[in-house]
Amino acid sequence: MSRLVSYPVDLHMHSRFSDGLHTPEALARMARKLCLRAVALCDHDTVSGIDAMADAASAGEDGQQLDFIPAVELSCGADSNTHILGYGVDSRNARLLAEMDAARNRRQKRMETMIQRMTDLGAVFPEEALRRLLTPGTGRAHMARELIALGMVNTMQQAFDRYLGPGKPGYVSMERLSAADGIRLLREAGALPVLAHPMRLRLPDETRIALMEELAQAGLAGVEAWHPSADGRQAMQLDRWARHKGLLVTGGSDFHGDPNTSVSMGRMPSGWKTWQEDLQALQEACAKP
């Protein structure tokens, strides 16, 4: 487990518009309470929360500056394992919106199958839980919370380890864009594509580097080196690789708001000494036409 420390920046968090527990307004209040300087909302396959988050970030009554970067997290690749963050995204880009609508439809069909599989495994979902699960845009995190409520597991991680991770009995794969196509789509929508949490890919070092090389050739703009899935040594290796390739370096907690996890807003592996320069580089790159 990596040693996590607090930073005044968090470039990866989720709201209720995807699989987070909090509204964008609540996220902005929490960020201000923690004295964060900059945040990015990266909901899965939706930009629906961006306007609310932008308004909330600019509406502080205490005069505290909270910079906001509009973003999205696209689930790409085989079994949707490769996630691409898009910073500075145009939330009204027609092609991006069409692809995300299609993704939400695929998510709903997958959830229907997932419910059936978990029912076959003994889960008895109340009608209220089924209504929540069948809301457009739900995913495995929503199912994990319902399994906790049913007493089938105690934590989110346990839900994924026992039922919802790849190869587990409740897991259902879903057709996705390739990572290269996701990068191109984000570029077309004016966004800077950044590879999210590379260590979550659970690949051997050589394979992970080969993938990052391939994505860099496809137009990748940066790497999320500073994420809780990496320990300090791994984060520094990813940081050095990205800089060597002339790519942006970002960091974020991947905060969803679940109380039974170790993830907290603004907390990432220790050692990110250049966060201020990296934030400025990202903001300047997002501002370029």
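The values are calculated or read from the model by the stated rules, or taken from the named source; none is laboratory data. Treat the numbers as computed from the prediction; the structure is a model and nothing was measured. Here the Cβ is made from the backbone with ideal geometry for all residues, glycine too, and neighbour counts use every protein chain on show.
Inside region 1-58, residues that are surrounded by fewer than 16 Cβ atoms within 10 Å (Cβ to Cβ), β-branched (Val, Ile, Thr) and closer than 24 Å to Arg92 by Cα make up a count of 0. The residue list Val89, Val124, Val39, Val72 contains one member that is modelled with pLDDT of 95 or more, outside the structural domain of Ala191 (by TED's automatic domain parsing) and in contact with a helix residue (DSSP H, G or I) (Cβ under 8 Å, 6 or more places away or on another chain), which is Val124. Among the residues of region 209-227, just one is under 20 Å from Tyr7 (Cα atoms) and assigned to a loop (DSSP other than H, G, I, E, B), namely His227. When each of Ala242, Ala230 is tested for being assigned to a loop (DSSP other than H, G, I, E, B) and either closer than 27 Å to Glu284 by Cβ or among the aliphatic types (A, V, I, L, M) (or both), the lone residue that passes is Ala230.
Leu279 meets all of the listed conditions (1) farther than 15 Å from Arg37 by Cβ; (2) among the aliphatic types (A, V, I, L, M); (3) crowded, with 17+ Cβ neighbours inside 10 Å; (4) out of contact with any His (no Cβ under 8 Å at 6 or more places or on another chain) but one, namely (1).
All conditions but one from (1) crowded, with 20+ Cβ neighbours inside 10 Å; (2) in the same structural domain as His22 (by TED's automatic domain parsing); (3) free of Cβ contacts under 8 Å to residues at least 60 places away in the same chain; (4) of a type outside the set (S, T, N, Q) apply to Arg184; the one that does not is (1).
How many residues, within region 14-47, are among the β-branched types (Val, Ile, Thr) and under 19 Å from Gly190 (Cβ atoms)? Reasoning before the result, please.
To start, the set of residues in region 14-47 that are among the β-branched types (Val, Ile, Thr) comprises 23, 39, 46-47.
Remaining after also requiring under 19 Å from Gly190 (Cβ atoms): 46-47.
Selection size over region 14-47: 2.
Is there a residue in region 161-180 that is surrounded by fewer than 19 Cβ atoms within 10 Å (Cβ to Cβ), of a type in the set (Ser, Thr, Tyr) and more than 20 Å from the chain's Cα centre (by Cα)? Checked region 161-180: no residue is surrounded by fewer than 19 Cβ atoms within 10 Å (Cβ to Cβ), of a type in the set (Ser, Thr, Tyr) and more than 20 Å from the chain's Cα centre (by Cα). State whether one or more residues within region 227-244 are loosely packed, with under 15 Cβ neighbours inside 10 Å and at positive phi. Within region 227-244, none of the residues are loosely packed, with under 15 Cβ neighbours inside 10 Å and at positive phi.
Could you please find all residues in region 1-19 being under 19 Å from Pro228 (Cα atoms), within 15 Å of the chain's Cα centre (by Cα) and at pLDDT below 95?
In the first step, residues of region 1-19 are kept if they are under 19 Å from Pro228 (Cα atoms); the result is 1-15, 19.
After this cut, where a residue has to be within 15 Å of the chain's Cα centre (by Cα) as well, the list is 10-15, 19.
Selection gives Asp19 alone.
Of everything listed in (1) at pLDDT 95 or above; (2) within 25 Å of Arg140 (Cα to Cα); (3) of a type outside the set (A, V, I, L, M, F, W, C), the single unmet condition for Asp101 is (1).
Give Thr250, Thr261 a once-over and let me know the one that is among the polar types (S, T, N, Q), surrounded by 19 or more Cβ atoms within 10 Å (Cβ to Cβ) and under 19 Å from the mean Cα position of the chain (by Cα). Working first, answer last.
Values: Thr261 fails: surrounded by 19 or more Cβ atoms within 10 Å (Cβ to Cβ).
Thr250 is the lone residue from the list that is among the polar types (S, T, N, Q), surrounded by 19 or more Cβ atoms within 10 Å (Cβ to Cβ) and under 19 Å from the mean Cα position of the chain (by Cα).
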